[in-house]
1. Cβ contacts < 9 Å: first residue without any contact (Cβ under 8 Å) to a residue 24 or more places away in the chain, restricted to the stretch 26-39; second residue open to solvent by 30 Å² or more (accessible area, probe 1.4 Å), any location; separation 6+ or different chain. Result?
2. From the list Leu222, Leu193, which residue is in contact with a Phe, Trp or Tyr (Cβ under 6 Å, 6 or more places away or on another chain) and either of a type outside the set (D, E, K, R) or over 23 Å from Phe140 (Cα atoms) (or both)?
Amino acid sequence: ALPVLLLGLDKQYGLNDAECAIMAGSNAAEDYCTEVVLSLMEKTGITEDDLVMNPAYPSHEPTKERIIAAGGPKRKIYHGCTPKHIGLMLVQRKLTGSVKDYHLPESAAQRMVRYTISMFTDTPYEDIKIGIDGCGVPVFGVPGDCLAKSYLRMAAPDLVPEKSYRDVTCRMTKLMGEYSYLLRGRDYICSLLNTHPNIVAKGGAAGVYAFGLKHQRLGVMLTLYD
């Protein structure tokens with residue numbers, strides 16, 4: 001989400017604040033989330049065929065059950081990672097002229113994301129470990145204390161080394177608070193924590209959770225092993 005703002009792609013495509021905020025989320029595909037995703041795709045010209053993940057049902061159980069009961073199919077727009085993929089494609093298109101191969105580790109978009117993670121975590125670019133997520137894009141591994149440091153910088157953007165990134169971090173953190181319900185859905189931990197003006201938080205996979213506290217200038221990462 002930060003490279004999207006850094007490159008001015010929100011302005012290029014006329015994206016509103018909700019459409020920017022959802023790119024930082026892993027939404028559960030409740031109807032209001034899917035509406036924002038569809039609007040984002042329409043404005044940017046991204047189609048479901050462009051997305052590399054497999055179709056899915058919403059992870060929000062009541063919505064999933066309703067779609068199945070109505071005979072509805074799995075779709076890529078219901079996948080929790082779709083907004084992130086759209087952001088990656090916009091970055092890839094800006095840097096190369098095409099969305100093609102946006103999911104590959106050495107693509108222009110992924111190199112920019114890796115550079116951003118390196119800066120926020122103080123992890124040398126070449127030391128960042130690379131795996132592949134279930135949705136088909138790289139996941140970047142850093143030590144736990146470095147991940148905590150990245151959330152410190154989200155909470156205290158003045159600590160971000162590059163000024164251009166400081167500005168977009170301020171904006172994204174603000175959007176994550178104002179549109180917290182788009183990060184996951186209503187009544188989920190991520191959405192509830194980000195309603196508090198002192199907290200910026202986001203869950204990941206495999207039991208990883210991280211948050212930053214603005215007033216205390218503190219970043220925290222925890223892992224649930226069970």
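The values are calculated or read from the model by the stated rules, or taken from the named source; none is laboratory data. Nothing here was measured: the structure is a model prediction, and the numbers come from that model. Glycine gets a Cβ as well: all are built from the backbone with ideal geometry, and neighbour counts include every protein chain shown. For accessibility, only protein heavy atoms count, side chains too; no ligands or nucleic acids. Shrake-Rupley method; radii C 1.70, N 1.55, O 1.52, S 1.80 Å.
1. Taking only residues 6 or more apart or on different chains, the pairs are Ser39/Asn16.
2. Leu222
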